[in-house]
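What follows is a short report on a single structure.
The numbers here are math on the coordinates, done by the rules we state, and not lab data. Computed from a prediction, not measured in an experiment: that's the story for all the values here. A quick note on method: Cβ atoms are made from the backbone with ideal geometry, for glycine too, and the neighbour counts reach across all protein chains shown.
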Amino acid sequence: MASIKDVAAAAGVSVATVSRVLNEHPSVSTDARTRVLAAVAALGYRPNAVARSLRTDQTHTLGLVISDVLNPYFTELARSVEEEARALGYSVIIGNADERPELQDHHVRNLLDRRIDGLLVSPTDGGSPLMLDAARAGTPMVFVDRWIPGVDVPVVRADGRAAVRDLVAHLYALGHRRLAIIAGPAATTTGSERVAAFREALGEYGLALSEACVGQGDFQAESGRRVTEGFLDLPEPPDVVFAADNLMALGALDAVRARGLRVPDDIALAAFDDIPWFVHTDPPVTAIAQPTGELGRAAVRALVDRIEGRIPRSVTLPARLVVRRSCGEPAASPPFPSSPPSPSPVQRSTSVQRSRP
């Protein structure tokens, strides 16, 4: 393998001149630059990235800490981040927090110790002192999907409120009146935001979300199973279970089947965070889809802007409802109403469940 001394000898210049060319120093003459670059190409010389970072104080490496690598949503997000970073000349080191705040901070600390140029994080909670300190110290950072309120860094996320309203409108049009939600952790912005959007949308239709119909999950399949079992044990089980993420939806589906029940004949199911698997389940699952690839690419661009001295901006993209067959939709589902009806006093005072076969 060629060394920097070999390049200097082939180009007829000093090692220092080769170094200045490789680091794009403006003091090198056009002739010397041309000879050095020709020698680099002829010898196939590759600079030592670590040594180069020590000279330039840049590693061209980004850190990405995702909440759960087993969640297909975050897997797709990580892939789009890596692809966009590579296109912009950066590599990516990924840490999996596994929805555990202490593991998240472990990865953040290690990445900062590795002298990464910038950090992308999907926070597992809203109170990490380490990330607060890193942001205050000026570490280039972008929150993606989730964020920590009060921390002044760009946020790239999807807004699911309109899609949740569309989902409730769709369910209402199908005759569902008793709706339940498997919530994500209240300490995460996505966990609290999706419950609030669901409750608000139900209110537009004169429907209340009782405490019995709010189950606390943790964005993991087992919690979806556990919460759904509780819903099924209620004196009046819900017509629909809305899982606030895809893994909890899969757990809910397991719980329904374990009771010998069928979706949607006995209970309907909808999910936030569409995944490719949902078209292969029986029945295919109605879900809210986020523009995951676009979010990952936008997050990288915002972070690189910050690293390279440009002004980064927060980005909010819309989520959308994908109607399938898990809520009792007919073969050719009619469009859901764009606005709620004006419920009569009787409708507002009685949240009557639809009759079950």
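Remarks
- Charge tally around residue 321: other residues with Cβ under 15 Å, Lys/Arg +1 each, Asp/Glu -1 each, net +1.
- Pairs of Cα atoms nearer than 8 Å and 6+ residues apart set the relative contact order; for segment 243-336 it is 30 percent.
- Full extension of the segment from residue 280 to residue 23, taken as 0.36 nm per residue of separation minus the current Cα-Cα distance, would add 87.4 nm.
- ³J(HN,Hα), Karplus 6.51/-1.76/1.60, whole Hz, each residue of segment 139-150, x for Gly, Pro: 4, x, 8, 9, 8, 10, 6, 10, 8, 10, x, x
- Here's how it looks for residue 95: its modeled amide H is under 5 Å from those of 64, 65, 66, which are all 5 or more places away or on a different chain.
- Relative contact order, percent, the chain [alpha-carbon distance under 8 Å, six or more residues apart]: 17
- Note on residue 311 and residue 173: their simple-model spin labels are 4.2 nm apart, each label 7 Å out from Cα toward Cβ.
- Placed amide H near residue 274: partners under 5 Å, 5+ positions off or other chain: 288, 289, 290
- Two-site FRET efficiency, residue 75 against residue 254, from Cβ-Cβ distance with R₀ of 22 Å, rounded to 0.05: 0.60
- With a Förster radius of 51 Å applied to the beta-carbon distance between residue 210 and residue 115, the computed FRET efficiency rounds to 0.50.
- Those trypsin sites (Lys or Arg not before Pro) in segment 69-123 that DSSP places in a loop and that have at most 15 other beta carbons within 10 Å: 114, 115
- Anisotropy class of segment 73-116 from Cα gyration tensor, a/c 1.5 cut: oblate
- The residues neighbouring residue 308, those whose beta-carbon lies less than 12 Å from its own, together hold a net charge of +1 under the Lys/Arg +1, Asp/Glu -1 convention.
- Count Lys and Arg as plus one, Asp and Glu as minus one, and take only other residues whose Cβ is under 12 Å from that of residue 218; the net charge is then -3.
- Percent antiparallel among DSSP beta bridges (both partners in the chain, rounded to 5): 10
- Rel. contact order, % - alpha carbon contacts under 8 angstrom, at least six apart, segment 75-201: 18
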